[in-house]
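The structure appears below as structure tokens.
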Amino acid sequence: MAGDIVQILSLVAVVVTLYFAAAQTRKLEKQVNIANLFSRYEVLNHASERYDSALALIFQRPELRPYLFERRPLDLSGEELARALTIADLMAGAVDYAVRVGSRFPDDARSDWTKVAEVMAKQPLFQRIVNEQPHHFPDLGRFFAAATAPSSTT
């Protein structure tokens, strides 16, 4: 009889321990998810800061803006071309980084950099920089391939 009571108490202790372990596991899962989301937003914020630093360079050279945002054909040469390519490289790098993070670590409140990448892929300046150095922008490549693919008319 005493042995039965000990077994019942042991069983109750095991059940209580499992309940608390499950509760702790749920809390830990929630904490990990919050930490991962915070890290993702930090990375996207970093990408945004990189993009903004390139925009600051455009502020200093507003004559380059049409090449970056208005699909102006690339008719620059010399130092102006070098400046435009440098700015495009910075911007493309930031967008590539943000697209990479967004696609690998999605969440419900997505920061959709894919729209920026799609618009960027239509700009001759960005096409040049990404086509010259595709290995620098692995996640942008698919947007540029889609933008330059011949459309089929049937």
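Restricting to the stretch 40-54, name every residue that is without any contact (Cβ under 8 Å) to a residue 12 or more places away in the chain and polar (S, T, N, Q).
Asn45
Can you tell me which residue within the stretch 71-96, out of those that are open to solvent by less than 10 Å² (accessible area, probe 1.4 Å) and within 23 Å of the chain's Cα centre (by Cα), is nearest to Ala47 (Cα to Cα)?
Taking the candidates together, the pick is Ala94.
Tally time: how many residues in the stretch 47-70 are polar (S, T, N, Q) and open to solvent by less than 80 Å² (accessible area, probe 1.4 Å)?
Qualifying residue count for the region: 2.
Could you tell me which residue of the stretch 97-154 is modelled with the lowest pLDDT, considering only residues that are among the small types (Gly, Ala, Ser), part of a loop (DSSP other than H, G, I, E, B) and surrounded by 12 or more Cβ atoms within 10 Å (Cβ to Cβ)?
Among them, the one singled out is Ser111.
Identify the residue in the stretch 5-41 that is small (Gly, Ala, Ser) and more than 38 Å from the chain's Cα centre (by Cα) and, among all such residues, is farthest from Phe105 (Cα to Cα).
Ser10
The values are calculated or read from the model by the stated rules, or taken from the named source; none is laboratory data. Everything numeric here is computed off the predicted structure, so don't read it as measured data. Cβ coordinates were reconstructed from backbone atoms using ideal geometry, including for glycine residues, and neighbour counts include every protein chain displayed. Calculation scope for accessible area: heavy atoms of the full protein, side chains included, ligands and nucleic acids excluded. Shrake-Rupley method; radii C 1.70, N 1.55, O 1.52, S 1.80 Å.
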